[in-house]
1. Quick check on this structure: which one of Tyr88, Tyr102 is over 14 Å from the mean Cα position of the chain (by Cα) and modelled with pLDDT of 80 or more?
2. Could you check region 184-210 and list, in sequence order, the residues that are part of a helix (DSSP H, G or I) and more than 30 Å from Lys143 (Cα to Cα)?
3. Can you name every residue in region 182-203 that is modelled with pLDDT of 90 or more and not hydrophobic (A, V, I, L, M, F, W, C)?
4. Of all residues being in contact with a Gly (Cβ under 7 Å, 6 or more places away or on another chain) and under 15 Å from Ser9 (Cα atoms) in region 167-218, which is surrounded by the fewest Cβ atoms within 10 Å (Cβ to Cβ)? Just the residue, please.
5. Which residues, counting only those in region 129-175, are touching a residue at least 40 places away in the same chain (Cβ under 8 Å) and either at positive phi or acidic (Asp, Glu) (or both)?
6. Any idea which of Leu31, Leu40 is surrounded by fewer than 14 Cβ atoms within 10 Å (Cβ to Cβ), within 17 Å of the chain's Cα centre (by Cα) and assigned to a helix (DSSP H, G or I)?
7. Hey, among Ala113, Ala109, Ala167, which residue is modelled with pLDDT under 90, among the small types (Gly, Ala, Ser) and touching a Pro at 6+ places or on another chain (Cβ under 8 Å)?
8. When you check Thr164 against the structure, is it touching a Lys or Arg at 6+ places or on another chain (Cβ under 6 Å) and assigned to a helix (DSSP H, G or I), yes or no?
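The values are calculated or read from the model by the stated rules, or taken from the named source; none is laboratory data. No experiment lies behind these values; they were computed from the predicted model shown. Glycine also receives a Cβ, built like all others from the backbone with ideal geometry; neighbour counts cover every protein chain displayed.
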Amino acid sequence: MNIDFGAISGSIPYIIGGLEVTLKLVSMSALLGFIWAIILALFKISPIRPLNWLADFYTSIFRGTPLVLQLLLIYYGLPQFIGPIDPYWAGVAAFTLNSGAYISEVIRAGIMAVDKGQREASMALGVPYNQMMKDIILPQAFKNILPALMNEFITLTKESAIVTVIALQDVMRRAYQVGGDTYRFFEPILVAGLIYYILVMILTLAGKFVERRLRQSD
């Protein structure tokens, strides 16, 4: 069988339509995951030992198990206790919890990389801990870890395709449906791959632009 994109040309807009779902899923998960990651990172550097243990244990669980397992457990497992879950919010929950674990390690490393003299000077001046972290330590840490954060965001964008297993109508799910309807899977899946590639390239260029601006502001 030869490659023939004409056979699925009428379905390409349908596949592209899944981009809205993909972008909503990724953006919401990235935002919530980033906030959760900051909290976890602060737990990991906290002088309160139980918070260290709790954050480390949490991270080990979500870094040590497959993302698809976490997604299936939330979508198919949790309803046994709390009732049906919308596929979109199941995806957001899984990606938020998973990305938070990974990004928290990046943020923790960024915080620890900030010169200790910054903290000592802040403490000597009587700057409260919360204000020190918000106004002095975290801004410097984020500037240093921006490339790593962009990599995590790009990874999240690509991994979002696994929500097809819970029938969320994203780009990949729609490509699979078109393949089933036309009995031609190569072309629609290739179209989906091109869409993801373009998204990743846009994110990569955006990350480089922000990185250049931050360097210029130093």
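1. Values: Tyr102 fails: over 14 Å from the mean Cα position of the chain (by Cα).
The conditions single out Tyr88.
2. At the first step, the residues of region 184-210 found to be part of a helix (DSSP H, G or I) are 186-210.
Across region 184-210, the qualifying residues are Phe186, Glu187, Pro188, Ile189, Leu190, Val191, Ala192, Gly193, Leu194.
3. Glu187, Pro188, Gly193, Tyr196, Tyr197
4. First, the residues of region 167-218 that are in contact with a Gly (Cβ under 7 Å, 6 or more places away or on another chain): 168-171, 173-174, 185, 188-189.
Restricting the remaining residues to those that are under 15 Å from Ser9 (Cα atoms) gives 174, 185, 188-189.
On the way: Arg174: 24, Phe185: 14, Pro188: 27, Ile189: 16.
Ranking the candidates gives Phe185 first.
5. Glu152, Glu159, Ala167, Asp170, listed by residue number.
6. Values: Leu40 fails: surrounded by fewer than 14 Cβ atoms within 10 Å (Cβ to Cβ).
Checking each option against the conditions leaves just Leu31.
7. Working: Ala113 fails: touching a Pro at 6+ places or on another chain (Cβ under 8 Å); Ala109 fails: touching a Pro at 6+ places or on another chain (Cβ under 8 Å).
On inspection, the qualifying residue turns out to be Ala167.
8. Working: touching a Lys or Arg at 6+ places or on another chain (Cβ under 6 Å): yes; assigned to a helix (DSSP H, G or I): yes.
Taking the combined requirement at face value, the residue satisfies it.
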